[in-house]
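This report refers to the structure that appears directly beneath it.
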Amino acid sequence: MAKKRIVVLYGGRADEHPISCVSTAGVLKAIDTSKFDVVPVGITREGKWIVDGEDPRGWDLKGSALPSVEVTPGSRPVVLDIAMGQDGFFAGDPAKGALESLGHIDAVFPVLHGPYGEDGTVQGLLEMMNVPYVGCGVFASAACMDKHFTKVVLNAAGIPTAPGITLDTRLFSQSDQFASNADDVLARVEAAGLAYPLFVKPSRAGSSFGVTKVEAAGDAAALIAAVFEASKHDWKVLVEQGITGREIECAVLAPKPTDEPAASWPGEIVLDRRNAGDDQFYDFDSKYTDSAASHVEVPANLPDETLQKVREVAVKAFKALDLAGLSRVDTFVTPSGEVMINEINTMPGFTPISMYPKAWEATGISYTELITRLIEGVLR
């Protein structure tokens with residue numbers, strides 16, 4: 001049987017660029033090359049698409065410099081002909097001014113995190129080209145990228161989320177870093193009855209970029225400083241009530257449009273310094289750069305009936321938002337056993353040690369088999 005030709009997209013314009021690079025390193029090393037002929041296509045932080053750049057398979061987050069897609073002397077720009085669909089992928093030769101076909105592309109695996117990749121933009125481009133791709137469609141990607149609208153849809157479906165308010169910071173005072181807006185924001189928090197600690201975060205960003213924990217009730221200066229920090233990543237900012245409970249994550253898989261979504265065993269990121277008495281939350285360093293900060297436990301150490309409830313809520317959320325392919329549903333489990341949604345990642349971290357692959361490995365699907373199922377599920 002002829003191999004299927006698969007474009008793996010990575011990098012991108014979002015803050016999560018280095019996470020995409022490392023996720024792609026894992027995918028390229030694990031993908032079944034007996035079934036798939038892989039064409040890695042990198043996207044620089046400036047939005048340039050290239051092939052034949054630095055090999056992503058050597059990338060990780062262990063060094064002082066985060067991995068990045070860069071134009072190199074040997075790289076070639078990628079040019080798309082929308083009307084040609086699956087035959088519309090070309091590499092340019094700047095010296096000759098000619099284009100070379102990258103071949104008939106059977107599907108695209110967009111290993112992209114954050115805006116301009118996980119938010120429906122790339123998905124819309126591929127829909128226009130009529131090219132099959134792994135993952136959620138345009139609406140689902142956009143809705144889950146925006147945490148505000150995720151909450152709107154989930155709440156309408158009867159699925160609880162953390163109480164909070166949404167701020168539009170476009171008219172806030174940039175000249176004083178929002179200081180003149182502090183009292184108004186604090187008044188809105190108090191009017192909403194939000195209990196501290198608060199978590200202030202960009203509505204449309206991932207990997208914990210721009211997230212700040214605000215501890216002291218009534219501290220308008222600390223609150224507005226957190227809002228200003230979040231606004232560096234998105235003008236829309238969420239202020240959410242901290243939930244007393246455990247953060248439990250569940251991987252959901254539905255490779256084919258006709259598949260009933262399946263939920264993995266839920267897992268937990270155990271914050272090791274929190275167990276030692278440190279006031280730690282799951283920030284960027286805990287996730288990616290500080291190996292002593294956390295570890296993954298799958299299944300989470302919870303009663304079986306609670307684990308099953310998390311799985312049921314994850315599948316219900318997957319269906320409510322019209323998700324497809326894969327998603328990681330992050331929940332809070334309160335001491336009373338209530339399960340509420342924190343957020344949903346439609347293209348979760350995909351390194352071999354990321355929660356999504358680890359959860360499926362613990363549920364009986366290997367990393368390589370998971371990649372195979374996702375790709376084969378969209379092939380025509």
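What to note about this one:
- Remark on ASP37: its backbone amide H falls under 5 Å from those of LYS4, ARG5, ILE6, a criterion applied only to residues 5 or more positions apart or on other chains, H modelled at 1.01 Å from N.
- Heavy-atom accessible surface of the chain, averaged per residue, reaches 43 Å², computed with a 1.4 Å probe.
- From the alpha carbon centroid of region 1-79 to that of region 165-221 is 36 Å.
- Cα-projected label distance for TRP235 with SER175, points at 7 Å along beta-carbon direction, nm: 1.9 nm
- Normalised contact order of the chain, rounded percent, pairs of Cα under 8 Å and 6 or more residues apart: 17 percent
- Amide H contacts under 5 Å for GLU70: GLU54, restricted to partners 5 or more places along the chain or on a different chain, H placed in the peptide plane at 1.01 Å from N.
- Correct choice for mean projected area of the Cα convex hull in nm² that was computed from the model, options (1) 20.4; (2) 44.0; (3) 17.5: (1)
- Note on region 95-135: with neighbouring protein chains present and a 1.4 Å probe, carbon and sulfur make up 55 percent of its accessible heavy-atom surface.
- Out-of-range pairs (alpha-carbon distance over 32 Å; input LYS3/LYS62; LYS48/LYS309; LYS62/LYS147): LYS3/LYS62; LYS48/LYS309
- Here's the list of aspartates and glutamates a cross-link from LYS151 could span, going by alpha-carbon distance under 12 Å and ignoring same-chain residues fewer than 8 apart: GLU240, GLU343.
- Per-residue 3J(HN,Hα) values for region 255-260, derived from phi via the Karplus relation 6.51 cos²θ - 1.76 cosθ + 1.60 with θ = phi - 60°, read x, 9, x, 8, 6, 6 Hz in sequence order (x marks Gly and Pro).
- Theoretical FRET efficiency, 1/(1+(r/R0)^6), r = Cβ-Cβ of GLU46 and PHE139, R0 35 Å, to 0.05: 0.80
- Per-pair calculated FRET efficiency, R0 = 51 Å: GLU100 and GLU312 via Cβ, rounded to 0.05: 0.55
- Per-residue HN-Hα couplings for region 164-181 [Karplus 6.51, -1.76, 1.60; θ = phi - 60°; Hz; x = Gly/Pro]: x, 10, 10, 10, 9, 8, 5, 9, 6, 7, 5, 5, 10, 6, 6, 4, 6, 9
- Taking the 1.4 Å solvent-accessible surface of region 22-88 as the whole, the part contributed by carbon and sulfur is 50%.
- Label-to-label distance, LYS62 versus VAL79, with points set 7 angstrom from Cα along the beta-carbon direction: 4.1 nm.
- Note on surface exposure: GLU312, GLU215, GLU247 rank GLU312, GLU215, GLU247 by accessible area, highest first, 1.4 Å probe.
- In nm, spacing of pseudo-spin labels at VAL152 and GLU297 (7 Å Cα→C-beta vector): 3.8 nm
- Distant-in-sequence amide contacts of TYR133, defined by a placed amide H-H separation under 5 Å and a gap of 5 or more residues or a different chain, comprise VAL108.
The values are calculated or read from the model by the stated rules, or taken from the named source; none is laboratory data. Since this is a predicted model, take the numbers as computed values, not measurements. Ideal geometry is used to build each Cβ from the backbone, glycine not excepted, and the neighbour counts take in all protein chains shown. Keep in mind that these areas ignore ligands, DNA and RNA; they rest on the heavy atoms of the full protein, side chains included. Shrake-Rupley method; radii C 1.70, N 1.55, O 1.52, S 1.80 Å.
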